[in-house]
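To keep things clear, I will list the structure first and then write my remarks on it.
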Amino acid sequence: MNLTVQVHESIQSIGRADWDVCAGPTGDPFVSHDFLNACEASGSATPRQGWAGRHLTAHDATGAVVGVMPLWLKGHSQGEYVFDHAWADALERAGGAYYPKLLSAVPFTPVTGPRLLAATQAAREALLAGAVALTERQALSSLHVNFPTRDEWEVMGQAGLLRRLDMQYVWTNRGYGSFDDFLGALSSSRRKTIRRERREAQAGLDIRILTGGDIREEHWDAFFAFYMDTGSRKWGRPYLTRTFFSLIGETMADRIALVMAFRDGRPVAGALNLIGRDALYGRQWGTVEDAPFLHFELCYYRAVEFAIERGLSRVEAGAQGEHKIARGYLPTPVYSAHYIAHPGLRAAVADYLERERPAVETEMAAMTEALSPYRRG
């Protein structure tokens, strides 16, 4: 098949219909045109913020778009959740320039999903080859593909990219009919602890899950205040603008589950989830009051309830957080792939990753064995 690859500086320039023909069948809300366009159009992921679009489209002989790939020219490594700062330091100490680099990912979103969005293997190969060629043509240090699917990760390894392994914590629906069914699968001590945490978290609060037309601008106003407070305390500068939340509210409301907690009618905390075809994805959360276990209730337990009610297979609660294991979210592998142009840095990183992968696998197995809350046998 004769395919050509083109570079675009914005998602909007590609067009929603062409993009979603390729991305839509995946059921992943984060690679939808609506979500990625909201990142750019809101001013959250722009050249000024160090995210310059270099998105790829693959075209057949008729000019039709048969594949797309979200791709960014990055001037830093912030908002990525796959940490390569040591690699950047090593190259710069050796007199090289690590930035800018190319990154295929969803901005500020550590969620596994497809990055080579196409129906055919030929189109996926063309997109990957196009990204590598762009790296070489612009004399960039590297190309990184963060949180691809395992199948893509394997293919990228076969194409010569370096493969990295990490972990997140995922809750799996084992055919539960209710939250009590889920609790029944846990050890008695964990059941008691979770019931106590839920009682204390819910005390005096009205907690609702809003989706679709039930989400109004006043809810986004409140949620943004929570997000800004939590983000400012945790990492100094929250990435997403207030406009971002309005945009996804306008275009993706049916794919959003916004958990809101009210005390005497006043919103005091919230957690944002996006709904995929077979998964619920937990994203941001925040609160303006210190209530015991409220984070667990809004982010983990309500998400599990929602997934059970919707018949979703899993809840992905984002990066970090060993405390999630005790709430039923077990260690699960996540992936990234890396093309590094500098031969010396490439060799050093390849050696490091060869040793890191088995160490991560061993750690996941040990954590599951030692800390899993599920009944054995």
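Observations
- Enumeration of residues in the stretch 186-199 that are touching a helix residue (DSSP H, G or I) at 6+ places or on another chain (Cβ under 9 Å) and in contact (Cβ under 8 Å) with a residue 12 or more places away in the chain: 186, 190, 193, 194, 195, 197, 198
- Looking only at the stretch 330-350, and only at residues there that are buried (at least 22 other Cβ atoms within 10 Å of the Cβ) and among the small types (Gly, Ala, Ser), the one that is nearest to the chain's Cα centre (by Cα): 336
- Considering residues of the stretch 351-377 that are touching a residue at least 60 places away in the same chain (Cβ under 8 Å) and open to solvent by 40 Å² or more (accessible area, probe 1.4 Å) only, the residue farthest from residue 146 (Cα to Cα): 375
- When the stretch 114-146 is filtered for residues that are assigned to a loop (DSSP other than H, G, I, E, B) and either open to solvent by less than 10 Å² (accessible area, probe 1.4 Å) or touching an Asp or Glu at 6+ places or on another chain (Cβ under 9 Å) (or both), the ones remaining, listed by number, are 114, 115, 116.
- Considering residues of the stretch 154-176 that are assigned to a loop (DSSP other than H, G, I, E, B) and touching a helix residue (DSSP H, G or I) at 6+ places or on another chain (Cβ under 7 Å) only, the residue most open to solvent (accessible area, probe 1.4 Å): 159
- Here the stretch 220-250 is the region considered, the condition is being modelled with pLDDT of 95 or more and touching a strand residue (DSSP E or B) at 6+ places or on another chain (Cβ under 6 Å), and the residue that is farthest from residue 275 (Cα to Cα) is 222.
- Options 254, 221, 229: the member that is without any contact (Cβ under 8 Å) to a residue 24 or more places away in the chain, more than 16 Å from the chain's Cα centre (by Cα) and open to solvent by 20 Å² or more (accessible area, probe 1.4 Å): 221
- Every residue from the stretch 53-66 that is hydrophobic (A, V, I, L, M, F, W, C) and crowded, with 21+ Cβ neighbours inside 10 Å: 56, 58, 66
- Flag for residue 8 being touching a strand residue (DSSP E or B) at 6+ places or on another chain (Cβ under 9 Å), open to solvent by 10 Å² or more (accessible area, probe 1.4 Å) and closer than 22 Å to residue 127 by Cα: yes
- Residues located in the stretch 11-40, provided they are among the β-branched types (Val, Ile, Thr), open to solvent by less than 30 Å² (accessible area, probe 1.4 Å) and in a helix (DSSP H, G or I): 31
- Positions within the stretch 67-84 being open to solvent by 40 Å² or more (accessible area, probe 1.4 Å) and over 17 Å from residue 140 (Cβ atoms), in sequence order: 78, 81, 83
The values are calculated or read from the model by the stated rules, or taken from the named source; none is laboratory data. The model shown is predicted, which means the values in this text are computed figures rather than measured ones. Glycine gets a Cβ as well: all are built from the backbone with ideal geometry, and neighbour counts include every protein chain shown. To get the accessible areas, we keep the full protein, side chains included, count just its heavy atoms, and leave off ligands, DNA and RNA. Shrake-Rupley method; radii C 1.70, N 1.55, O 1.52, S 1.80 Å.
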